[in-house]
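Structure first, commentary second.
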Amino acid sequence: MEDHQNSEAPPTFIPALFKPPSLLPIARHRAALLYLVETFPVVIVVGQTGSGKTTQIPQFLNDAGWCNDGKIVAVTQPRRVAATTVAARVAQEMRCELGQEVGFSIRFEDVTSAKTKIKFLTDGLLLREALVDPLLSRYSVIMVDEAHERSLSSDVLLGLLKKIRKRRPELRIIISSATLQAEDFLNFFAGGEEGVRESDGADELGGDVGRIISLEGRMYPVDIHCLEEPTEDYVERAVKTVLDIHIKEAEGDILLFLTGREEIERAIDLISDKISELGIKSPSLQALPMYAGLPTDQQMYVFEPAAEDTRKVIISTNIAEASITIDGIVFVIDCGFVKLRAYNPNSGIETLTATPVSKASATQRAGRAGRTKAGKCYRLYTEQASNALEEATVPEIQRSNLAPIILQLKALGIDNIARFDYLTPPPAELIIRALELLFSLGALDDYAKLTKPLGLRMAELSVEPMMAKVLLSAPSFNCLSEILTIAAMTSLQASVWFYHDDRKKATETARRKFAVEEGDHLTLLNVYQAFVTRGKKDAKWCRDHYINYKAMTQAVSIRNQLRRYLERFGIEVAESLNAPEVMRVGGMDKEEMIRRCLTMGYFSHAARMQSDGSFKSVNGLTLWAHPSSLMFNRKADWVIFHEIMETGKKIFIRDVTKIEKGWLLEYAPSFYHVK
DNA sequence: GAGCACTGC
């Protein structure tokens with residue numbers, strides 16, 4: 001928890017949301033809210049963004065004595081930035097230093113103290129705290145914010161809280177949700193208790209378990225327009241709509257929702273073409289992209305007010321639907337699609353595909369037009385299509401690889417995974433696939449019980465199960481220091497390399513300097529070792545080699561955290577910084593030890609190169625090396641890979657390393673049915 | 001010879 005180099009600077013856009021507490025609509029609900037929390041174990045709070053629920057409710061609870069006797073009020077957030085910025089705001093309102101009475105806790109950063117009464121943290125981190133303190137006994141109240149987003153960790157957290165509540169009747173649970181899915185949450189907590197309540201005539205929803213309270217949000221009406229006829233090309237149609245608005249409508253900025261970088265760039269090009277074509281001068285139109293992969297400095301432009309006589313049009317992915325709020329939007333254009341990740345339990349492949357939005361999503365997007373005054377929303381689909389949309393987005397728990405979360409539940413002592421109380425149960429195939437994987441890795445025994453110490457340790461490590469197995473196998477291959485690095489590097493979400501569209505050749509040449517013949521994992525090791533020896537204090541070195549400095553410092557943090565876990569297990573880490581190919585251990589090259597060790601965890605991610613350069617997976621699928629992989633243009637026979645994902649028409653594998661076929665049989669005989 | 005929506009430990 002000592003790594004502070006990752007602390008995000010509070011973004012400038014969030015404080016704009018904050019109003020003086022006395023002006024917030026929630027102030028009028030204070031007494032009612034406290035009464036409900038006093039009386040019922042579960043309270044569902046329905047309120048719009050800007051209602052002040054996140055900043056005010058914890059303070060009300062503190063004033064009412066819920067933090068007496070050393071107890072803590074916990075507020076979970078789905079995102080790290082939210083936890084840090086909201087904590088800072090509440091500390092300011094309470095006139096205390098951040099980290100004292102009010103603090104936050106996120107991965108790599110714990111800004112709390114013995115005095116902390118109100119603690120903001122990510123939902124994933126609270127779930128991890130339960131591994132150490134299964135009843136979460138430090139907390140008198142736990143507020144799960146933004147529960148309607150239905151993230152994997154908040155869903156599991158709610159299931160866990162329902163279980164904890166039976167052992168801790170004094171615990172208070174507050175669930176905050178921006179949309180009207182409140183009844184689902186209340187029904188969930190009331191469910192399973194109805195049997196005992198039936199006779200005493202508690203026919204009201206929720207019975208004695210809880211109540212819903214609705215806070216007034218500040219929203220202006222939004223006029224919604226659908227298309228008469230469906231469009232063939234919504235990017236083109238969106239651009240036409242942008243120009244129609246710009247020419248005909250009064251002032252106000254435009255927010256256009258598209259699905260990804262490619263579409264966004266195309267829309268921006270089309271808009272600039274149209275502007276010159278139509279000779280638009282004043283008022284002028286400024287198109288700005290917004291997506292997660294955009295460098296931070298470029299993201300910041302969307303929050304700056306446009307120049308005089310200029311209308312901003314922000315062209316964004318789904319990031320503007322939940323994660324960020326942009327002021328001054330009066331017009332929203334909604335293409336009706338979102339890219340969603342899904343996991344196919346039969347093939348074990350993740351897909352990333354554009355999917356129609358849900359009604360809840362469409363409503364949320366339209367609402368972005370009504371934050372400052374009455375607005376308009378143009379949907380690039382027909383009313384009929386709009387009526388046919390699903391009510392809500394399929395929760396993450398129903399479309400994810402469940403191996404990590406099942407491992408965590410097992411470690412929490414929840415043995416019967418199928419009968420765990422899920423808000424929405426995942427499909428059986430997802431559970432079966434996850435159990436099979438965990439069994440083949442040795443994390444579960446024949447009775448599906450967590451093995452000790454292997455399975456338990458795998459659950460505690462903050463990397464996915466296959467890599468956790470590799471890490472715990474590394475000591476016996478004499479390559480723990482190297483595997484620690486590889487584990488950290490492969491769990492980065494940001495790319496290690498910068499991509500310059502205009503300087504592709506130079507990027508390639510830079511990358512080739514670090515390339516190791518055997519594959520991507522050893523190449524990543526090479527980059528890391530070069531970084532810590534030469535580039536750590538030298539951002540210029542990183543720039544010269546097209547290496548992402550921020551991603552590399554992140555890798556250092558992850559590696560430190562993993563090393564601390566291992567040390568807690570009593571596993572010594574002998575650090576070595578030698579180039580892998582020069583080390584020989586017992587007649588075997590170190591690089592071979594590393595590749596053998598990787599096979600211990602990734603044996604099910606094996607494939608063989610075909611004559612056309614594609615790969616054939618062990619279950620017969622045709623795979624392609626991702627262009628970012630060394631194996632994209634090299635020859636190989638058998639390989640293992642870190643990740644497999646389907647986009648467009650091809651299935652890509654990323655982080656690919658050469659192995660020997662024999663190792664598969666040697667390290668995973670039961671998986672490959674060797675007698 | 002081509003590309004990853006968004007989070008989190």
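Note down the Stokes-Einstein diffusion coefficient of the stretch A:15-214 in µm²/s, whole number, using a Kirkwood radius over alpha carbon pairs, 20 °C, and 1.002 mPa s.
Numbers: Rh = 16.9 Å.
Here the translational diffusion coefficient equals 127 µm²/s.
Annotation for the stretch A:272-350 versus the stretch A:395-462: alpha-carbon center distance of 38 Å. The modelled label-to-label distance between residue A:495 and residue A:187, using points 7 Å beyond Cα along the C-beta direction, is 4.4 nm. Convex hull volume of the C-alpha atoms in the stretch A:222-394, normalised per residue: 128 Å³. Multiplying the residue separation of residue A:672 and residue A:166 by 0.36 nm and subtracting their alpha-carbon distance yields 177.8 nm.
Say the cut-off is 27 Å between C-alpha atoms; which of A:240/A:649; A:71/A:550; A:53/A:115 go over it? Display every interim value, and only then the final one.
On the way: A:240/A:649 29 Å; A:71/A:550 37 Å; A:53/A:115 23 Å.
Too far apart for the 27 Å limit: A:240/A:649; A:71/A:550.
Between residue A:449 and residue A:610, the simple label model (points 7 Å from Cα in the Cβ direction) yields a spacing of 4.6 nm. For the stretch A:550-575 versus the stretch A:217-266, the inter-centroid distance based on Cα atoms is 47 Å.
With an a/c value of 1.5 or above and a/b not larger than b/c for the gyration tensor axes a ≥ b ≥ c computed over the alpha-carbon atoms, the stretch A:461-667 is described as oblate.
Dividing the Cα radius of gyration of the stretch A:337-419 by 2.2 N^0.38 Å, with N the residue count, gives 1.52.
Normalising by the residue count of the stretch A:343-477, find the relative contact order in percent from Cα pairs under 8 Å and 6+ residues apart.
Numbers: 124 pairs, mean separation 27.8, N = 135.
Reported as a whole number, the value is 21 percent.
Quick check: net charge around residue A:415, other residues with Cβ under 12 Å of its Cβ, Lys/Arg +1 and Asp/Glu -1? Charge balance in the 12 Å sphere: +2. Under the combined filter of DSSP loop state and at most 12 neighbouring Cβ atoms within 10 Å, the stretch A:236-316 retains these trypsin sites (Lys or Arg not before Pro): A:281. Once you've got the Cα coordinates, tell me which of A:505/A:540; A:540/A:635; A:163/A:410; A:410/A:452; A:590/A:661; A:248/A:274 are over 23 Å apart. Check vs 23 Å cut-off fails for A:540/A:635.
Fewest-first ordering of A:532, A:42 by other beta carbons within 10 Å of each residue's beta carbon gives A:532, A:42.
Ratio of Rg to Rh for chain A: 0.97 [Cα atoms; Kirkwood radius as inverse mean 1/r over pairs]. Charge dipole of the stretch A:267-398 (Cα centre as origin; +1 on each Lys and Arg Cβ, -1 on each Asp and Glu Cβ, all else neutral): 320 debye, rounded to the nearest 20. Seen from residue A:175, the other residues with C-beta closer than 14 Å to its C-beta sum to a net charge of -1, counting Lys and Arg as +1 and Asp and Glu as -1.
Per DSSP helix of 4 or more residues, -39500 (n - 2.57); summed, then divided by the residues of chain A. What does that give at 222 nm, rounded to the nearest 500? Write down the numbers at each step before the final one.
On the way: 24 runs with 250 residues, N = 675.
Taking each H run of at least 4 residues, the total per residue is -11000 deg cm²/dmol.
What FRET efficiency, computed as 1/(1 + (r/R0)^6) with R0 = 51 Å and r the Cβ-Cβ distance, is obtained for residue A:284 and residue A:624, rounded to the nearest 0.05?
Taking R0 as 51 Å, the efficiency between residue A:284 and residue A:624 is 0.70.
Throughout, read-outs are computed from the coordinates displayed, never taken from laboratory work. Since the model is a prediction, treat every value here as computed from it, not as a measurement. With ideal geometry, Cβ positions are generated from the backbone for all residues, glycine too; neighbour counts draw on all protein chains shown.
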